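Colleague: Please find one structure pasted underneath; my questions will follow.
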Amino acid sequence: MKKHLLDLLICPRCLPQEYPFMLENSTVTADDIESGVLVCAQCGYRFPIIDGIALLDPFATDNQQRANKYETDELVSSYLWSHFSDLMHEEQASQAYTTWAGLIRNQAGVALDAGGAVGRFAFEMSSRCDFVVGVDTSQAFIRTARQLMQQGTITVPIKDEGMLAREFTIILPAEWRRDRVEFVVANALALPFAAQSIAVFTSLNLVDKVPSPLGHLREMNRVTRHQQAQFLLSDPFSWSSEAAPAAEWLGGTDQGRFAGKGLANVIKLLGDQQGELAPAWSVDKSGSVWWKIRNHSNHYELIRSCFVHASR
């Protein structure tokens, strides 16, 4: 973990109160904290830093990590292909990340990519903001993103057919500022950042995967600045009771507060002067983009992700 990131972090267990961390038992090389413990100055809870990765998810347990499908090598390889295949000129690659990146204006300050998986969008924003933090609950995703951050390249096997595989090599563009990026394990429902500390907040294909979609948007709004800020959300709104009870969905039902389509309801929430996401956001653009997940060389999932870019 880059040492200066410590100045941005607060204890996620103590929210909505904000208390800083004390660093103990640390091993530091240059600007990187390779190991140590982040201790909350208020509650005393101890969050470890292991192999440079700060583990800041207050809801995580060892059993949850072992059961998490996003911890498998196969899923990591699949997401690496989905995030970076267009850069490597893969035949079936989508242009979703290029489209999303084109919506973000240059913005002074810190950017936060929630649910950023293996890091593509955090790297994209490194040339648009002063510093970028990518967060995800998957340790495997964050470990892979940090490897790309440190080395600029990675080679992994991706499934071809059955037990056959081929190598897939990613080389990051030279213009991406890897020195301006860091990745931590954190939860989108309890972010370890102070109120109004984030200039650009992005949430790509995440809101339908968290147990409280509105809670995620409230956390976005808590940490994002009231002025000179941008927000990008994109999602297929594939609502599922496995991720969240139907009462928590922001769309996909024919009754209740969030009856109708998810994107329309998110836009309405953003524009409400007195609502949960006040002060109100101004919608700059909305639309959709096609995104792909690769399972093997003969099987791809094509996903329509609906986006809204807003600012204030």
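Colleague: Could you grab me the full set of residues in the range 186-237 that are closer than 21 Å to residue 54 by Cα, of a type in the set (Gly, Ala, Ser) and more than 11 Å from the chain's Cα centre (by Cα)?
Modeller: 190, 194, 195, 197
Colleague: Considering the range 141-168 alone, what residues qualify as being closer than 15 Å to residue 81 by Cβ and of a type in the set (A, V, I, L, M)?
Modeller: Matches in the range 141-168: 145, 148, 154, 156, 158, 165.
Colleague: Return the residue satisfying two criteria in turn: it lies in the range 47-93 and is among the polar types (S, T, N, Q), more than 21 Å from residue 161 (Cα to Cα) and in a loop (DSSP other than H, G, I, E, B), and of such residues it is modelled with the highest pLDDT. Before the answer, list the steps.
Modeller: Narrowing the range 47-93 to residues among the polar types (S, T, N, Q): 61, 63-65, 68, 72, 77-78, 82, 85, 92.
Okay, now just the ones that are also more than 21 Å from residue 161 (Cα to Cα), so 61, 63-65, 68.
Add one more test, that the residue is in a loop (DSSP other than H, G, I, E, B), and what stays is 61, 68.
On the way: 61: 78, 68: 70.
By that ranking, first place goes to 61.
The values are calculated or read from the model by the stated rules, or taken from the named source; none is laboratory data. As the structure is a computational prediction, the values presented were derived from the model and not from experiment. We place every Cβ from the backbone using ideal geometry, glycine too, and count neighbours over all the protein chains shown.
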